[in-house]
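Colleague: Take a look at the following structure, please.
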């Protein structure tokens, strides 16, 4: 219930504040779980992805430091956010993600942290896809780095756009690196 209310409230706010534009929403599967892989520019990105994908609920993995406060931890968990240790391979987070992918969808930022480029990319998206055998939807976010720049405390009225596209050329024989490359190329070309 909290997810639904939050998605509606943030959708209205983002339409007013950022003139949010959403393209390609029709490629989001309605009847099966999927992995949503997006670029990561700002702390706004999980909210933008969640709002744009609604009514599908997207579960995200977020750095465990965000769960240090009991109140924020409760809210994040109610919204389907899972804690992730970024300092090492977090096996428990991967297990939780695989369990979620049996009935729900996962949102991942392959860059791992906010960045304008894809110099360092995690193979987590490929690992999850190979294990769960679910489709990958790419998303490219525009403008959140201007609407809420790194280190900023307040929003700026900037246009925000998100474009979705299915990564449809993944084969069972693809290696993790090949899958990651296909996902990154799709994100870049949206």
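A short reminder: the numbers here are calculations on the coordinates, not readings from a lab. Just so you know, these numbers come straight off a predicted model, no measurement behind them. Positions of Cβ are backbone-derived with ideal geometry, glycine not excepted, and every protein chain shown enters the neighbour counts.
Colleague: Which of rounded, prolate, oblate describes region 26-130, given a ≥ b ≥ c as roots of the alpha-carbon gyration tensor eigenvalues and a/c under 1.5 marking rounded, otherwise prolate only if a/b is larger than b/c?
Modeller: Rounded is the answer for region 26-130, as its axis ratio a/c remains below 1.5.
Colleague: Using a Förster distance of 30 Å, how high is the FRET efficiency between residue 12 and residue 99, based on the Cβ-Cβ distance and rounded to 0.05? The partial results should precede the final answer.
Modeller: Working: r = 32 Å, r/R0 = 1.08.
After rounding, the FRET efficiency stands at 0.40.
Colleague: For each of 68, 173, count neighbouring Cβ atoms within 10 Å of the residue's Cβ, then give the residues from fewest to most.
Modeller: Values: 68 9, 173 6.
Starting with the residue having the fewest Cβ neighbours, the order is 173, 68.
Colleague: Still on this structure, I have one more. First check a/c for the chain, with a ≥ b ≥ c the square roots of the eigenvalues of its C-alpha gyration tensor; if it is under 1.5, answer rounded, and if not, answer prolate when a/b is larger than b/c or oblate otherwise.
Modeller: Working: a/c = 1.40, a/b = 1.22, b/c = 1.15.
Rounded.
Colleague: Mind sorting 42, 92 by how few other Cβ atoms lie within 10 Å of their own Cβ, fewest first?
Modeller: Ranking 42, 92 by Cβ neighbours within 10 Å, fewest first, gives 92, 42.
Colleague: Right, another one. Given a Förster radius of 22 Å and the C-beta distance between residue 155 and residue 21 as r, what FRET efficiency does 1/(1 + (r/R0)^6) yield to the nearest 0.05?
Modeller: E(calc), rounded to 0.05, equals 0.85.
Colleague: Only counting other Cβ atoms within 10 Å, I'd like 101, 2 sorted with the fewest neighbours first. Intermediate results must be reported in sequence, preceding the final value.
Modeller: Values: 101 21, 2 11.
The order, fewest Cβ neighbours first, is 2, 101.
Colleague: Where does each of 9-19, 175-185 land if you order them by average Cβ count within 10 Å, highest first?
Modeller: Top to bottom by mean Cβ count within 10 Å: 175-185, 9-19.
Colleague: Between residue 175 and residue 117, what's the calculated FRET efficiency when r is the beta-carbon distance and R0 is 30 Å? Round to 0.05.
Modeller: Calculated transfer efficiency: 0.85.
Colleague: For region 138-190, calculate the relative contact order in percent as a whole number, restricting contacts to Cα pairs under 8 Å that are 6 or more residues apart.
Modeller: 42 percent
Colleague: Turning to a different aspect of this structure: Counting pairs of alpha carbon atoms under 8 Å apart in space and at least six apart in sequence, what relative contact order in percent does region 23-123 give?
Modeller: This gives 40 percent for region 23-123.
Colleague: Normalised by the number of residues in the chain, what is the relative contact order in percent for Cα pairs under 8 Å and 6+ residues apart? Kindly include the intermediate steps, with their values, before the conclusion.
Modeller: Numbers: 316 pairs, mean separation 59.0, N = 190.
Relative CO of the chain lands at 31 percent.
Colleague: If you count, for each residue, the other Cβ atoms within 10 Å and average over each peptide, how do 158-166, 44-52 line up from highest to lowest? Could the numbers behind the result be given before it?
Modeller: Details: 158-166: 19.1, 44-52: 23.2.
Taking the mean over residues of other Cβ atoms within 10 Å, the ranking is 44-52, 158-166.
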